[in-house]
Amino acid sequence: MKRLFCLTSPYTRLLCCLAALWVSISTMAQTGNSGYSFLEIPSSAHSFALGGSGIAVIDDDVTLSEQNPALLGPEIESQLAFNYMLYMGTSNFAGVRYGMGAGEHGAWAAGIRYLNYGKMRGFNESGGETGYFTPQDIVFEGAYSHDINDRLRGGANLKMIYSIYEQYSAFALAVDLGINYYNEENDLSFSAVFSNMGGQLKRFSDSYTRLPFNISLGYMQGLGSSPFSIAITATDLTRWKRQYYSHKTDSDDSSELKSSFFSDLFRHLVFGLQYSPSEKFYAALAYNYKVRTDMSTYQRNFLSGFSVGLGFRVSSFRVGVSYQMPHKGASSLNLNLTTDIASLFD
């Protein structure tokens, strides 16, 4: 997908405004524990197939902009996407996203995600049962991207997050900033993303819950003239140590905290392989060492850490499906359906 050159761009002004917004919000949220981990779960089946970190995938797919707004571009023309995920057994995530080009060098997208974690039993401070409740999160998103030159594109994504857990509710704002370099001749893509910059405007309780701020770098390279590509993503680059608890066996509750140079290194990395013989089909396989070590030996199986997926186009529609099984007791299935609105009326 060839990118056009743009000599003038409103993108710099947009970045300044969003950066100022982030500073003002994040200043309010410097204390408390990190939460909102659902923001790290992609709704894109393509990203999910690549280990949940497809920030350098080059494809005219509007769902990819959720993880990296710089992957949004005028080549999407006019797309409407629906997604559904059955996550870890009982959680159900669903969403819709619409995007379209804005001139020759820009694009925008808007969407909503609804996350339902299933029915849970509630208890008060004394241990008395208060009945069942269903924790829910709703995310409203708006993204814009612009070509900086013929190989470089930047984008921003604004997220408004409303959460309600039993009688408690909270509201937060977050901004993602991304940039992508794409060399079509060498089939090389490189991305950098600053995600979830912001904080709570309304708290659950007296203390703030921080958003899962993340800096990620993504690299994707085609292998010569073959239909294969490799993808490597480095995540959570704001801290080096990524310790984890290792269980001896499934039946043994005892555990020990583990950390080493190579363990910390590989818990930052996600490796992917993609087969795409044409623009109408892809198949992807990825390995996430962090997911596997998070399970340690406890309820882990052979598939822990692996993810698979495929996507294909039929006429004006594209379908994506991906699957992960982190441990024996639960798995996740992600489905996408996208259509090109303009071509439906041709």
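Annotations
- Residue count for the stretch 209-237 under the criterion of being among the hydroxyl-bearing types (S, T, Y) and over 21 Å from K159 (Cα atoms): the result is 5.
- Within the stretch 104-153, tally of residues that are open to solvent by 70 Å² or more (accessible area, probe 1.4 Å), of a type outside the set (F, W, Y) and either within 17 Å of L72 (Cβ to Cβ) or at pLDDT 85 or above (or both): 3
- When Y117, Y132 are checked against the criterion of being among the hydroxyl-bearing types (S, T, Y) and under 20 Å from A172 (Cα atoms), Y117 stands alone in meeting it.
- Residue within the stretch 244-256 that is loosely packed, with under 15 Cβ neighbours inside 10 Å, touching a residue at least 12 places away in the same chain (Cβ under 8 Å) and not hydroxyl-bearing (S, T, Y) present: yes
- Per the listing N180, N214, the residue uniquely of a type in the set (S, T, N, Q), surrounded by 15 or more Cβ atoms within 10 Å (Cβ to Cβ) and at pLDDT 95 or above is N180.
- Scan of the stretch 71-94 for residues that are among the hydroxyl-bearing types (S, T, Y) and either assigned to a loop (DSSP other than H, G, I, E, B) or open to solvent by 50 Å² or more (accessible area, probe 1.4 Å) (or both), ordered by number: Y84, Y87, T90
The values are calculated or read from the model by the stated rules, or taken from the named source; none is laboratory data. Note that the structure is a prediction, hence the values are computed from the model and not measured. A quick note on method: Cβ atoms are made from the backbone with ideal geometry, for glycine too, and the neighbour counts reach across all protein chains shown. All accessible areas refer to the heavy atoms of the entire protein, side chains included, with ligands and DNA or RNA removed. Shrake-Rupley method; radii C 1.70, N 1.55, O 1.52, S 1.80 Å.
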